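Each remark here refers to the structure printed beneath this line.
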Amino acid sequence: MLTTIKKLSSIYMRLVLPSSSSSTFLSFGSSISVFTPPRGTQFLRLNFRFRTMASHVVGYPRMGPKRELKFALESFWDGKSNSEDLEKVAADLRSSIWKQMADAGIKYIPSNTFSYYDQVLDTTAMLGAVPPRYGWNGGEIGFDVYFPMARGNASVPAMEMTKWFDTNYHYIVPELGPDVKFSYASHKAVSEYKEAKSLGIDTVPVLVGPVSFLLLSKAAKGVEKSFPLLSLIEKILPVYKEVIAELKAAGASWIQFDEPTLVKDLDSHQLQAFSHTYSELESSLSGLNVLIETYFADVPAEAFKTVTSLKCVTALGFDLVRGSKNLDLIKSGFPSEKYLFAGVVDGRNIWANDLASSLSTLQALENLVGKDKLVVSTSCSLLHTAVDLMNETRLDEEIKSWLAFAAQKLIEVNALAKALAGQKDEAVFSANAAARTSRKSSPRVTNGAVQKAAAALKGSDHRRATTVCARLESQQKKLSLPALPTTTIGSFPQTLELRKVRREYKANKISEEDYVKYITEEISKVVKLQEDLDIDVLVHGEPERNDMVEYFGEQLSGFAFTANGWVQSYGSRCVKPPIIYGDVSCPKPMTVFWSSRAQSMSKRPMKGMLTGPVTILNWSFVRDDQPRFETCYQIALAIKDEVEDLEKAGINVIQIDEAALREGLPLRKSEEAFYLNWAVHSFRITNCGVQDTTQIHTHMCYSNFNDIIHSIIDMDADVITIENSRSDEKLLSVFREGVKYGAGIGPGVYDIHSPRIPSTEEIADRISKMLAVLDTNILWVNPDCGLKTRKYTEVKPALSNMVAAAKLLRDQLASTK
């Protein structure tokens, strides 16, 4: 039986692993033999041709299988290449992606999902909604305006960046107001449609829908926060009409509007905006097939009623993976004249699809909407998953057989579409079933001791014994910090040389002794720099860490890792999420060695740096065979062991980052309380056993925290550092409205995701605004986030100005007293 499973799994792996290399397993579009097996091995040989079925993909990763776009962007930003070089890399990637989808048998192939930075920023450019500070005077928007909007420059700050719904992707928030003059200023959507057409590929151009665009925007600086953004709909629709007209003239037959805000809790006025908008666009859309795509959750009943009633809409796309209630809504009544794009292949995770279950769902839907009206699709854009499993040559073969990355998900979509059309490939389905059986029965997935320990957590809320005020008093006696203490968030710049040393050590090209010596010297430099700058609470800079989640996952049981499983987070920044495939535990201390060594270099407090359980969970590809909270509790217990090991080693300040806590918040209000309860509880588990004199910090970034401030307080951390500057100090408004916060807090005083260096006066002004709403004895001074992605030439002057600003305010406070 085991031999049969291995054979079938091997077939499935080869069927779903397309490659452009000379050792291609499948050459789509022609009749071929699948592969030549190793000598002495018996496998099936299959001959077939992929046919184009009713299949669709919402979107696809942009970075490239080896992060080609990332390196091209950073080369351009560093002045090492020109715009033509960047555009050539981008064109090659787009061409490759479109051809890959066509070869995989996808019928409805999206275009305009590629972006040099972010699709919402692309829409802002399309509408000519450029904030005045960027000095744009009209005409087609080029890189000279586009990139400063995203990244800022020496003279102007970047636009705000925040999380895209409940993902780890970040979008650039449009800044709008009554005086914005909209105009058609970027023809990217039309250009890319024509580009694909010139390659012989007819695509479906994708636009961020006009209503979602406005709902995802914010009032510009100087505009009343209560300004009704939806009042701008009449001003942006003329631009959308121009784009639609050009797409029709270019030969487009379909157009996709992404309207993901339809899954949120919308009021009647917001729902009416959808009805009004698409009614206004009806004549412009005449002659086009119109798809409205939703994703990330189920659509509320009223929103479903609204969107299914839109006359000009030909097709509707629903997430049937995370949108558990969408099936019931469709069964209750789906318009007979519309197409249903059924999102059954998960765009948010990397587990192989349960093809048999998905096919059963599709067959049930086929009976409801009709065979000719059903299209197999992904649940959302594949932007949120890794690119191609073929690039993973060192991943454990058993675990690899359980996975499907974006390239493999294309094949899953096509396999389901073929099966629905009566051309089911039994070998593919059998191999898929075998791989799923292997995963379910594998002993490496389950650890009885871990499950028992996690189950025992339910009897307590795991709070520390004393109040935060009492703890801060004990900690101050031990740490003797000045007013407005300065610190950084954790990481310092990672140079090319440092990354090279880590790679060589991992590849056994340098000895452990040489590696330890190099990292120790790097830490020593960072410690000395902070002492020279007169920073109060130090960090060791994290030179030994590749990623704040992967570093811990590599030392925890139940995790697997990829070599090229990169996923875009923002701009050129990519992350490589670990894969949580089994029960999690901490076999031995993970950070004590380096934290202790760093503390021995200075008499100042040295923060122990850990990633919190909720962030590890939300920034990983998580197992889908048990509830997420159970996995989170297991991680919390592992981090608890590490916190206590650090305390025993003499580390008096320990930071447990929960950068992604807000990110995991469900999109529906009715589900928020349950999530926040177990997420906050998980954090408290990590540090409930430490002494009052041990100061627990946490850090959060790039999300809207105002609506969960009470849950943040309930985390019961001693100090929280939190992003503030890039979002125009939005966080401070919650304190102006009367929320009392008794723990230490450090709203970020400058944006680290921009190369711009803020002046001492600018930072001092920010601190003064904070002091207007926060008590002096709880306020900390720190950057928005870690410094890993910056250069030392930017970090040194920025931190110097930050410390100078803190001292300036201390002097002013002292003189006032």
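Brief remarks follow.
- Normalised Debye scattering of segment 511-641 at q = 0.15, 0.21, 0.23 Å⁻¹ gives log10 I(q)/I(0) of -0.81, -1.20, -1.28, counting only Cα atoms as equal scatterers and leaving out solvent.
- Calculated over segment 214-261: convex hull of Cα atoms, volume per residue (Å³): 86 Å³
- Antiparallel bridges, percent of DSSP beta bridges restricted to the chain (to nearest 5): 20 percent
- For R623, the residues whose amide H sits under 5 Å from its own are I580, ignoring neighbours fewer than 5 places away on the same chain, with H placed 1.01 Å from N.
- Carbon-plus-sulfur accessible fraction, segment 262-373 (probe radius 1.4 Å, protein heavy atoms only): 43%.
- For segment 309-447, alpha-carbon Rg and Dmax in angstrom: 16.2, 54
- Pairs of lysine residues in segment 144-241 that meet both criteria, 8 or more places apart or on different chains and Cα atoms under 26 Å apart, total 19.
- Rounded to 5, percent antiparallel among DSSP beta bridges of segment 676-817: 0 percent
- Straightening the chain between S253 and A301 buys 14.3 nm, computed as 0.36 nm per residue apart minus the Cα-Cα spacing.
- Amide H to amide H, with H built 1.01 Å from N, V208 comes under 5 Å of D258, counting only residues 5 or more places away or on other chains.
- With a cut-off of 12 Å between beta carbons, the residues surrounding A72 carry a summed charge of -1, where Lys and Arg count +1 and Asp and Glu -1.
- Cα shape, segment 91-140, gyration tensor, a/c 1.5 rule: prolate
- Under the combined filter of DSSP loop state and at most 15 neighbouring Cβ atoms within 10 Å, segment 299-391 retains these GluC sites (Glu not before Pro): E337.
- Using the Cα coordinates of segment 92-175, the gyration tensor eigenvalues translate into equivalent-ellipsoid semi-axes of 29, 16, 11 Å, sorted from longest to shortest.
- The relative contact order of the chain, computed from alpha carbon pairs under 8 Å that lie at least 6 residues apart in sequence, is 13 percent.
- Between K648 and V223, the contour length at 0.36 nm per residue exceeds the alpha carbon distance by 147.8 nm.
- With the alpha-carbon atoms of segment 652-780 aligned to their principal axes, the span from lowest to highest coordinate is 42, 39, 31 Å, starting with the largest.
- Residues of segment 495-513 with an amide N closer than 15 Å to a point placed 7 Å from the Cα of S96 along the Cα-to-Cβ direction: none.
- Euclidean distance between Cα centres, segment 331-373 to segment 481-542, Å: 51 Å
- Listed by chain and number, the lysines whose alpha-carbon sits under 30 Å from that of K509, ignoring those within fewer than 8 places in the same chain, are K66, K70, K80, K400, K500, K517, K525, K528, K576, K588, K788, K791.
- Tally of Lys pairs whose C-alpha atoms are under 20 Å apart, taken over segment 293-377, 8 or more apart or cross-chain: 11
- Segment 423-444 and segment 154-225 have Cα centres lying 41 Å from one another.
- Distance cut-off 16 Å, percentage of C-alpha pairs in segment 163-225 lying past it: 63 percent
- Taking label points 7 Å from Cα along the Cα-to-Cβ direction, S557 and A772 give a separation of 5.5 nm.
- Packing here is the average count of other Cβ atoms within 10 Å per residue, and on that basis the peptides 385-398, 608-621, 774-787, highest first, run 608-621, 774-787, 385-398.
- Global geometry of segment 444-509, whether rounded, prolate or oblate, following the gyration tensor of its Cα atoms and the 1.5 cut on a/c: oblate
- Computed over protein heavy atoms with a 1.4 Å probe, the accessible surface of the chain works out to 38 Å² per residue.
- Over segment 253-331, the ratio between the Cα radius of gyration and 2.2 N^0.38 Å evaluates to 1.05.
- Long-range amide H partners of I109 with built H, under 5 Å: V204
- Calculated [θ] (222 nm, deg cm²/dmol) that DSSP helices of n ≥ 4 give over the chain, each run adding -39,500 (n - 2.57): -12500 deg cm²/dmol
- Bins of 10 Å from zero: percent of alpha-carbon pairs in segment 103-255: 10, 39, 35, 14, 2, 0
- P(r) tail fraction, the chain - alpha-carbon pairs more than 35 Å apart, %: 49 percent
- Three-way shape call for segment 565-612 based on the alpha-carbon gyration tensor, with the a/c threshold at 1.5: oblate
- Subtracting the Cα-Cα distance of W77 and N508 from 0.36 nm times their residue separation leaves 151.9 nm of extension gain.
- Dimensionless Rg ratio for segment 419-476, taking C-alpha atoms and the 2.2 N^0.38 Å reference: 2.42
- The magnitude of the dipole of the chain, with charges of +1 and -1 set on the Cβ of Lys/Arg and Asp/Glu and taken from the Cα centre, is near 1460 debye.
- Label zone at Q272, where the point sits 7 Å out along the Cα-to-Cβ direction: segment 198-228 residues whose backbone N lies under 20 Å: 210-216, 226-228
The values are calculated or read from the model by the stated rules, or taken from the named source; none is laboratory data. Given the structure is predicted, the values throughout are model-derived calculations rather than measurements. Don't worry about glycine lacking a Cβ; one is built from the backbone with ideal geometry, like all the others, and counts go over all protein chains shown. Accessible surface is based on the protein model in full, side chains and every heavy atom, while ligands, DNA and RNA are left aside. Shrake-Rupley method; radii C 1.70, N 1.55, O 1.52, S 1.80 Å.
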